[in-house]
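*Asks:* Take this structure first; my questions come after.
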Protein chains: 2
Amino acid sequence: MLETHTDVPASRSPEQAASSPQLSLQSTGCRNVQPVLSRVGDKWSVLIVMILSQGPRRFNELKRQIDGISQRMLTLTLRGLERDGLVTRTVEASVPPKVTYALTELGESLREPVEALGHWAMAHIACIRAAQEGFDARASQ
Amino acid sequence: MLETHTDVPASRSPEQAASSPQLSLQSTGCRNVQPVLSRVGDKWSVLIVMILSQGPRRFNELKRQIDGISQRMLTLTLRGLERDGLVTRTVEASVPPKVTYALTELGESLREPVEALGHWAMAHIACIRAAQEGFDARASQ
DNA sequence: CAGCATCCGGGTGGATACTG
DNA sequence: CAGTATCCACCCGGATGCTG
């Protein structure tokens, strides 16, 4: 569980902090946040994390369960997740080889904010689609 | 990415109507969630949303405030956000023209889950970096 | 001021073939 | 089974130049 939720009380940045140019919002927070956002926005990472949250999986189990992924992207994505410390890779030296992937605690803790985003998406998808259709209709005419 | 194209309706089977305990991101939810995740993972969208959450901004205000963005990407990103109904674009027909961008309620509501993700990122960035360095060290030797 | 048009380099990701 | 290696199409995104 993630009770280390250092709840930052949303220190509203007072717009233009005069002296220091607009490096406040970018370099301070976003340099750290952006890589994480990229991982979440990645085509396959979140899906893999969600599947692994149900339990460890072997390589081809994942491949079968994720419709449309190429083995190249599965490998690459798993390597990336492993590198970030979100997933562990366990090799059992047998014939045939058996490799098991599982979520780390870090990976597990990522599920909460990601699911929050997922819930937001589910709750507002109709609203978004409507906006898109309106926009497209306006643009085409 | 910015092309959150309106996906096919894809009539849902009514099997898991209201009994799904967990938000299944693989089957039903994935198609709805993924475009949103792409937007969040987008290089500039979240940054723009965060800035606009402090109040409406004009085009060049945003451009000045967002270090490193090209005006092409600013335009494209704002169009995408507008299309998704997250941002409004208001043109004041004057000379010189004045265009103001502001968050919609939908855009404002996105801030919460995104900030949750941001907090997660800030809280675990050290952990992630350590994992990455360990991984890289292991890989290079 | 607020864009759009164009070019183009680099990275993402799919398809395919091969290995331990 | 679980990858690696290679080729390649696409398109993201920066730079530049031009409009109203």
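The values are calculated or read from the model by the stated rules, or taken from the named source; none is laboratory data. Only a predicted model underlies this, so the values are computations on that prediction, with no experimental measurement involved. Note: ideal-geometry Cβ built from the backbone for every residue, glycine included; neighbour counts use all protein chains shown.
*Asks:* Kindly provide the set of residues from the stretch A:87-110 that are facing another protein chain (nearest Cβ under 10 Å), crowded, with 17+ Cβ neighbours inside 10 Å and more than 13 Å from the chain's Cα centre (by Cα), ordered by number.
*Replies:* Within the stretch A:87-110, just A:Thr104 meets the criteria.
*Asks:* If you don't mind, there's one more thing I want to ask. Scan the stretch B:35-56 for residues that are more than 11 Å from the chain's Cα centre (by Cα) and either within 10 Å of chain A (Cβ to nearest Cβ) or part of a helix (DSSP H, G or I) (or both) and jot them down.
*Replies:* Once the filter is applied, which keeps residues that are more than 11 Å from the chain's Cα centre (by Cα) and either within 10 Å of chain A (Cβ to nearest Cβ) or part of a helix (DSSP H, G or I) (or both), the stretch B:35-56 yields B:Ile51, B:Leu52, B:Ser53, B:Gln54, B:Gly55.
*Asks:* Determine if the stretch B:65-86 includes at least one residue that is touching a residue at least 60 places away in the same chain (Cβ under 8 Å), of a type in the set (Lys, Arg) and facing another protein chain (nearest Cβ under 7 Å).
*Replies:* Yes: the stretch B:65-86 contains one or more residues that are touching a residue at least 60 places away in the same chain (Cβ under 8 Å), of a type in the set (Lys, Arg) and facing another protein chain (nearest Cβ under 7 Å).
*Asks:* In the stretch A:67-86, how many are surrounded by 18 or more Cβ atoms within 10 Å (Cβ to Cβ) and at positive phi?
*Replies:* Final tally of qualifying residues: 1.
*Asks:* Also: What number of residues within the stretch A:57-108 are among the small types (Gly, Ala, Ser) and not in a loop (DSSP other than H, G, I, E, B)? Step through it out loud before you land on a result.
*Replies:* Initial filter on the stretch A:57-108 (among the small types (Gly, Ala, Ser)): A:68, A:70, A:80, A:85, A:93-94, A:102, A:107.
Those left that are additionally not in a loop (DSSP other than H, G, I, E, B): A:80, A:102, A:107.
Number satisfying all stated conditions: 3.
*Asks:* To continue, here is another question. Name the residue, out of B:Pro35, B:Pro56, that is within 24 Å of A:Ile48 (Cα to Cα), at pLDDT 70 or above and out of contact with any helix residue (DSSP H, G or I) (no Cβ under 7 Å at 6 or more places or on another chain). Write out each step before concluding.
*Replies:* On the way: B:Pro56 fails: within 24 Å of A:Ile48 (Cα to Cα).
Checking each option against the conditions leaves just B:Pro35.
*Asks:* May I pose another question? Only one of these conditions is not met by A:Phe59: (1) within 16 Å of DNA strand D (Cβ to nearest atom); (2) touching a Pro at 6+ places or on another chain (Cβ under 8 Å); (3) touching a residue at least 12 places away in the same chain (Cβ under 8 Å). Which number is it?
*Replies:* (2)
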